[in-house]
Amino acid sequence: LVTRPAMLLLDEPLSKLDVATKARIVDDLRAWNRALRIPILYVTHSREEVFALGERVLVLDRGCVIAEGLPQGVLGAPRTETVAQLAGFENIFDARVAAVHEDLGTMTCHLGPATPEGIDLEVPLARIDPGAALRIGISSGDILLATQEPRGLSARNVFRGTLTSLEEKDFKVLVRVNCGVTFSVLLTPGACRSLDLALGREVWLVVKTHSCHLLRPSDDLSSR
């Protein structure tokens with residue numbers, strides 16, 4: 001900075017640092033940017049760093065821009081599987097359109113194999129014909145978990161399942177539930193304790209229609 005550069009080019013500068021040091025340097029970068037107005041081109045694979053520092057995001061895949069815009073718009077509503085994975089979407093499913101409900105603004109998609117073992121999920125309406133295959137992404141943080149069957153909800157998707165694993169992850173708990181397909185749900189340790197969760201327990205999952213994101217292969221967008 002003492003040479004007064006026209007731009008800072010930073011390639012994953014925080015990747016080897018501890019959490020406390022990362023937080024201090026992120027604060028410094030924001031302060032330098034405000035005070036000196038030096039543009040920063042910042043390369044990262046970290047969703048947290050994108051939201052902490054990014055004013056505008058470009059997602060590259062094999063040298064091509066496949067998404068760009070504000071951080072929340074790009075990572076909060078991904079359109080491709082690559083972006084969904086970068087955004088931390090733990091639930092990405094193969095699906096097939098079972099029915100289109102234009103009057104309701106939704107579609108019914110079957111997750112899992114073409115047998116009764118899968119489940120039907122209501123998702124936002126798109127220009128896709130019945131029978132078409134697609135991928136659906138759902139963030140683990142957008143799924144609600146209940147230990148009693150929910151009633152009187154506006155959410156269109158309620159599934160009964162069995163809790164199959166509990167895994168502590170970065171001060172949170174990743175819960176996996178088998179409902180015919182396996183969902184990952186992110187909870188706080190306090191929520192796990194208050195719900196008295198344990199392996200093998202019967203639970204219900206609640207997924208809002210607009211938490212289901214229809215994903216296209218990145219190749220569809222790479223030419224734009």
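Just so you know, all these numbers are worked out from the coordinates, no wet-lab data involved. Worth saying up front: this structure is predicted, and the values here are computed from it rather than measured. A quick note on method: Cβ atoms are made from the backbone with ideal geometry, for glycine too, and the neighbour counts reach across all protein chains shown.
Of the residues GLY69, THR106, GLY118, the one whose Cα sits farthest toward the positive end of the charge dipole of region 50-120, with +1 on the Cβ of Lys and Arg and -1 on the Cβ of Asp and Glu, is GLY69. Dipole magnitude for region 1-45: about 200 debye, using +1 per Lys or Arg Cβ and -1 per Asp or Glu Cβ, origin at the Cα centre.
Straight-line cross-link partners of LYS22 among the lysines, defined as a Cα under 17 Å from its Cα and at least 8 positions apart when in the same chain, are absent. Place a label point 7 angstrom from the Cα of ALA77 along the Cα-to-Cβ direction, then list the residues of region 182-216 whose backbone nitrogen is under 18 Å away. Within reach of a label on ALA77: 208-216. Thinking of region 1-125 as a set of Cα atoms, what percent of all their pairs are more than 24 Å apart? Tail fraction, whole percent: 47. Its Cα centre serving as origin, region 49-203 has a Cβ charge dipole (Lys and Arg +1, Asp and Glu -1) of approximately 120 debye.
Sequence-ordered 3J(HN,Hα) estimates for region 23-33 from the Karplus curve with 6.51, -1.76 and 1.60 and θ = phi - 60° stand at 4, 5, 5, 4, 4, 5, 4, 5, 5, 5, 5 Hz, glycine and proline given as x. With the convex hull of the Cα atoms taken as the outline of the chain, the averaged projected area works out to 15.7 nm². When the trypsin sites (Lys or Arg not before Pro) in region 1-46 are filtered for DSSP coil states and for at most 16 other beta-carbon atoms within 10 Å of their beta-carbon, the remaining sites are LYS16, ARG37.
Under the rule of -39500 (n - 2.57) per DSSP H run of 4 or more residues, summed and divided by the residues of the chain, what mean residue ellipticity at 222 nm is obtained, to the nearest 500 deg cm²/dmol? Before the final figure, lay out each step's value.
Working: 5 runs with 44 residues, N = 224.
Computed mean residue ellipticity for the chain: -5500 deg cm²/dmol.
In the elastic network of the chain, a GNM with C-alpha springs shorter than 10 Å, the most mobile of ASP61, ASP196, ASP94 is ASP196.
Dipole magnitude for region 132-224: about 220 debye, using +1 per Lys or Arg Cβ and -1 per Asp or Glu Cβ, origin at the Cα centre. For region 168-174, backbone phi angles converted through the Karplus equation (6.51, -1.76, 1.60; θ = phi - 60°) give residue-by-residue couplings of 6, 8, 6, 6, 10, 10, 9 Hz, Gly and Pro being listed as x. Straight-line cross-link partners of LYS16 among the lysines, defined as a Cα under 26 Å from its Cα and at least 8 positions apart when in the same chain: LYS169, LYS172. DSSP beta bridges confined to the chain are antiparallel in about 90 percent of cases.
Estimated from the Cβ-Cβ distance and a Förster radius of 35 angstrom, the FRET efficiency linking ILE92 and LEU36 is about 0.30.
Name the residue farthest towards the positive end of the dipole of region 24-119 from the options TYR42, ALA52, ALA31, assuming +1 on Cβ of Lys and Arg, -1 on Cβ of Asp and Glu, about the Cα centre. Farthest towards the positive end: ALA31. Tell me, which longest segment in the chain has none of the GluC sites (Glu not before Pro) that fall in DSSP loops with at most 13 further Cβ atoms within 10 Å? By the stated rule (loop sites, at most 13 other Cβ atoms within 10 Å), 118-224.
Annotation note: chymotrypsin sites (Phe, Trp or Tyr not before Pro) in region 104-191 located in DSSP loop regions with a Cβ neighbour count of at most 13 within 10 Å are PHE171.
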